Every structure is written in C-alpha cells, then in structure tokens.
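The next block holds one structure in the form of structure tokens; read it before the comments.
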Amino acid sequence: MLNHTRLSIPLNRVAFFLRGNAARLSFGFCLMYSSAAIFKKVGYAALLVYCIVAAAALWWATARFFPWLRARRVRPWAYMLAAAALFVGVLCLYLYAHPRIDTAGFRIGAVVVGASDNDDAIDVAIDELRAGRYPYYARTFLGGPLSPLPGALLLALPFYLVGDSALQNVFWTAVFFWFVQRHTRSLRVAVELAVLVLLLSPNVLYQIAQGIDYGANAIYVFIFAALLVMNVRRGGGVSGRAVLYAVLLGIGLSSRLNFLLIVPFVFVALLRAASWKSAIVLSAVVFIAFVAITAPFYVYDPAGFSPLHTFNKIGGAASGNGLFRWAPVFVPIIGGLLAGALVLRSRASYDLNAMARDMAVVTAFLAIAGFVTSSVARNHLHFDSLHFGMLFVFFGAFGFGPELLVTTQASQFPKAKH
C-alpha cells in the first residue's frame with residue numbers, strides 16, 4: 001500500500017523549492033530562452049551544456065558569490081569602476097564587431113551565422129522618408145520587408161542622424177541599467193544585474209553587436225511606462241510631464257505590435273498611483289499618440305504596410321503549410337485574455353517590478369506561442385523564432401532581477417516531519 005506520508009515529503013520539498021526560487025527560475029528562463037537560438041546553431045549538445053552551465057552560474061552567483069562579495073563591504077568606487085568597464089566593454093564590442101558582421105555575418109569554425117538586416121530596415125525606411133517616399137514599399141539588402149513600426153523609426157532617428165542607427169542598442173542598454181540603479185538606489189544591484197544579463201544571456205551581446213533592436217524596443221517602452229507611472233505617483237494626477245511621458249510611451253508602442261498587450265498593466269499601475277480619471281486620461285493620451293504616428297502609414301496603403309507581417313512571426317503562421325492560419329488573430333486574443341487575467345489578480349501594491357513581471361509574462365507568451373506553432377507546422381524545432389525572446393528579456397530582468405539580488409540567499413529545504 002502506498003505510503004502517502006512518505007510521498008508527500010518529497011512533493012513538499014519540491015513545492016518549497018519552487019516557491020523559494022520562483023524569482024531565480026523566472027529570471028533564468030528570461031535570460032536563457034532567447035540565447036538558445038544561438039547555441040542551437042552549434043548543436044543540441046552545445047545547447048544542453050549552455051543551459052546547464054548558465055543555470056548553475058546563476059545559482060552560484062546569486063546564492064553564493066554575490067552574498068560573499070556583499071559581506072566583504074566592497075567600496076562604492078569599485079562598483080562605479082565595474083559599471084564603467086561594462087559600458088566601455090559593450091561599446092568597444094559594438095564598435096569593433098558591428099561593421100564586420102552587420103552585412104557579412106561571421107563564421108565560428110564550421111558554424112556560419114548569417115547577416116542581419118534589422119538595422120538596415122530602419123536605415124532604408126528613414127532614407128525613403130527623407131526622399132519623400134512611402135517607406136514600407138522598400139526592401140532591405142536581404143530582400144526582406146520592413147518590420148519596424150513608425151515609432152521605432154522616430155526613436156532611432158537621432159542615432160541615424162549621427163551616422164549609425166544601431167548605436168541605439170548600446171545607448172538604451174546603458175539607460176536600462178542606469179534606471180535600475182535609480183529605482184533600487186543601489187549601484188551594486190545594477191552592476192550585479194548587468195553582469196548576469198550580459199554574461200548569462202549572450203544573445204543580448206550578439207544582438208547589440210549585430211544591430212538588432214528588439215532589446216532596445218523593449219527597454220524604451222518599459223522606461224517610458226515607468227517614468228509615466230512614477231511621475232503620476234509623485235504628482236497624483238495629470239500634469240504636463242505626465243502627458244509628455246504618455247506621448248513617448250505611445251510612440252514607443254509604435255515599434256513592435258506585441259507591445260500593445262502591455263497597455264493594461266500601465267493602466268492598472270496608473271490607477272493604483274492616482275485616480276480613475278487620471279488613468280483614463282493618460283491612457284487615452286498614450287492611445288492617441290500611438291494612432292497619430294501609426295495610422296497615417298497604415299491608411300496610406302493597408303496592403304503595403306509591411307510591419308503587419310510580424311503577426312505571422314509571432315503567431316507562427318509564416319510556417320509554410322498554412323496549418324496555423326488562425327494564429328495571427330487568435331494568439332493575440334489569447335494574449336489579451338492572459339493580460340486581463342493578470343490585471344484582475346493585481347494587488348493594491350502594484351509597483352514597477354510587478355508591472356514588469358506581468359509585461360514579461362504576456363510578451364513571453366507571444367514568443368513561446370510563435371515557437372510552438374512554427375515548430376509544429378514545420379515538424380521540427382524552429383529555434384530561429386527564439387530570438388523573439390529578446391522582446392521580454394529586459395522586462396524579466398527588471399521584474400525578477402532586483403528582487404532576487406536584494407534578497408539573495410540560498411534556499412533551504414523544509415525538514416521532513418516524521
């Protein structure tokens with residue numbers, strides 16, 4: 001006869017482990033998901049090794065090394081030096097690697113990593129606009145359609161004007177960790193988080209070097225949303241600065257279509273920070289800004305508005321056999337229902353970390369749905385779609401990382417009861 005008491009002991013230990021390590025597991029998933037696309041190019045064995053090493057390194061760093069370092073009372077200047085070294089290192093990597101691999105790709109042994117036309121799509125679109133032509137008829141040097149929405153073009157414009165639109169990735173990555181430092185009031189947490197993100201999620205560095213703006217898109221959307229909520233929380237309502245941040249958020253949302261599903265979380269955060277009236281007014285400003293910058297391009301030629309093809313990527317419909325033709329419609333609807341469920345369970349203390357966690361969950365759902373449907377339709381694992389995980393890496397990093405690093409301790413199993 002089965003001894004339910006003995007069976008319940010290991011189950012209780014597993015449940016306790018999962019509860020005690022929820023932030024660590026969630027953070028690790030956000031870091032590792034998109035990077036699996038890189039190691040798959042080397043082979044499944046390399047992918048397995050990466051997952052094991054990254055998971056072990058994350059546990060060791062957060063449960064052992066960082067607490068040990070904190071106990072040594074490291075001087076603030078050492079963290080400032082580390083922050084400067086990280087920024088200079090990323091900048092040098094970009095300046096050295098980007099011109100060499102942007103349009104030619106690169107080779108590591110027998111593994112060939114192809115070129116990317118992501119930043120070229122931005123450059124071509126802005127070139128077309130400056131020439132007075134509709135930008136979305138153009139194609140990249142690889143012959144692909146232009147996927148950035150008009151807001152992404154506008155936010156990349158300052159970097160384009162200085163000669164390199166892809167430099168925005170370095171800028172926004174630095175802004176993200178600066179914002180973490182301001183939010184947590186701890187340079188130590190910001191530096192530790194930067195080390196974990198840059199070292200354990202190599203796709204972050206790869207996309208910076210290659211000029212792919214997925215990470216930058218997610219960062220500025222989150223930063224604008226956070227600034228809006230923080231301003232309302234301090235001022236208690238609608239103000240000129242709050243309206244400015246709402247307009248910037250509307251422009252930021254007009255970068256990738258999947259970000260529209262994070263709007264409910266911004267509304268809830270505004271509602272918790274002020275009143276129904278303020279939340280509705282500022283959300284309306286966000287919506288008007290998004291429509292004002294996006295709609296003219298769509299109305300001009302709905303069939304030629306090439307960013308809509310990204311629905312196929314997220315939903316997995318661009319998979320060759322039409323098996324999931326329903327996905328571009330139903331996957332976003334299911335994502336909207338998930339966002340609604342998360343909104344309903346939100347608590348009164350809905351802070352920026354909770355908002356970032358919910359954003360990570362919804363954008364991760366869209367990315368995973370694209371991976372699953374495209375893999376099923378192709379009858380093999382379609383790892384290329386994992387690159388879309390970069391759209392939620394920084395949401396997850398802000399939502400789970402600071403909590404994990406502030407309360408870093410090794411989890412203990414509950415003692416068995418006899």
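The values are calculated or read from the model by the stated rules, or taken from the named source; none is laboratory data. Since this is a predicted model, take the numbers as computed values, not measurements. Cβ: placed from backbone, ideal geometry, glycine included. Neighbour counts: every protein chain shown. Protein only, heavy atoms only, side chains kept; ligands, DNA and RNA dropped before computing areas. Shrake-Rupley method; radii C 1.70, N 1.55, O 1.52, S 1.80 Å.
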Just one of (1) surrounded by 13 or more Cβ atoms within 10 Å (Cβ to Cβ); (2) at pLDDT below 85 trips up V14, so point out which. (1)
Looking only at the stretch 345-381, filter to residues that are among the aliphatic types (A, V, I, L, M) and in contact with a Leu (Cβ under 6 Å, 6 or more places away or on another chain); which one of those is surrounded by the most Cβ atoms within 10 Å (Cβ to Cβ)? V362
Might you check whether a residue that is open to solvent by 90 Å² or more (accessible area, probe 1.4 Å), at pLDDT below 90 and within 22 Å of A364 (Cβ to Cβ) occurs anywhere in the stretch 58-75? no
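A quick yes/no check of all residues on (1) modelled with pLDDT under 85; (2) within 24 Å of the chain's Cα centre (by Cα); (3) within 22 Å of P135 (Cβ to Cβ); (4) assigned to a helix (DSSP H, G or I):
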| position | (1), (2), (3), (4) |
| --- | --- |
| L282 | no, yes, no, yes |
| F287 | no, yes, no, yes |
| A295 | no, no, yes, yes |
| F311 | yes, yes, yes, yes |
| I334 | no, yes, no, yes |
| M359 | no, yes, no, yes |
| I368 | no, yes, no, yes |
Conditions first: (1) modelled with pLDDT of 90 or more; (2) not in a helix (DSSP H, G or I). A318 passes all but one, so which condition is the exception? (1)
